[in-house]
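The values are calculated or read from the model by the stated rules, or taken from the named source; none is laboratory data. All values reported here derive from a predicted model rather than from experimental measurement. Every residue, glycine among them, receives a Cβ derived from its backbone with ideal geometry; neighbour counts consider all protein chains shown.
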Amino acid sequence: MKLFDAHCHLQDDALFPDFEKIMQRAVAAGVERAVCCGTAPRDWEKVFQCSEKSDGVLPMVGIHPWFVAKDWKRSFRALENLLQKHPEAGIGETGLDFQARFINRAEQEACFAAHLDLACELNRPVTVHCVRAWGRLSEILHEHPAPRIQLHAFGGAAELIPELGGLNCWFSFGGSVTNPRAKRARGSVAAVPPERLLIETDAPDFPPADCSSPNEPANLIYILRTVAELRSISIEEASDVLFRNSINYFALNC
Ligand SMILES: [Zn+2]
């Protein structure tokens, strides 16, 4: 069984002082690939260090909506240069978070749109965080189409899935779906078209129910089991479908 962690953050040495052990446990749990997402200029180099240390780690770099600073355009130019130098890298984490009132909405939107345009220009996958901003998200995706978009930790209503699917979105679910009280996310897991479903740990955050913190890629197995159960398919079938979807989303040749 091959697993693919479609969104996590392994670059924080304070939380993951023993990166090799984390990756050994991931491999022992069947996790062949883990997408390590940067969040701000300060961690981009660390993301590439993780992917240099382990073939299983795929790098992504971007500006998370919480870290859209006043001078984000300058950082964005550095991001463009970095992505030109690293054709293997995806884009993100970017997105919109209207719960994070400390970041100006207009700046968040402009920065997010710039990431989408770059994803389109470079034909790269882009990983998107969206909290309480579904209306604007869909409007911006209409105006700035990108070829392959992952809605990470998807928390939108199941009714949004057909429209967002038509905008090249994949829907990704993490540890929260293992909680029986997460009715909305669990309903969405069952509603996503099979070829657009992804799973992720979002490590070190959001451990699955009964797992300790910090979360890590080896815990992906718990999310896989829940997704298989919610879609009434076997764990083997779920892992086959999810691995294939991740390869397609990342446009990998393997
Ligand atoms: Zn994340």
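Laid out as a table, the results:
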{"quantity": "The stretch 120-135: number of residues that are out of contact with any strand residue (DSSP E or B) (no Cβ under 6 Å at 6 or more places or on another chain) and within 19 Å of ARG101 (Cα to Cα)", "calculated": "3"}
{"quantity": "Wholly within the stretch 1-96, strands (runs of 3 or more DSSP E) carrying at least 2 residues that are within 16 Å of the ligand (Cβ to nearest atom), among the aliphatic types (A, V, I, L, M) and crowded, with 24+ Cβ neighbours inside 10 Å", "calculated": "31-37, 57-61"}
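Condition check ((1) modelled with pLDDT of 95 or more; (2) surrounded by 15 or more Cβ atoms within 10 Å (Cβ to Cβ); (3) more than 16 Å from the ligand (Cβ to nearest atom)) across all residues:
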position	(1), (2), (3)
LEU198	yes, yes, no
ILE223	yes, yes, no
THR226	yes, yes, yes
ARG231	yes, yes, yes
GLU237	yes, no, yes
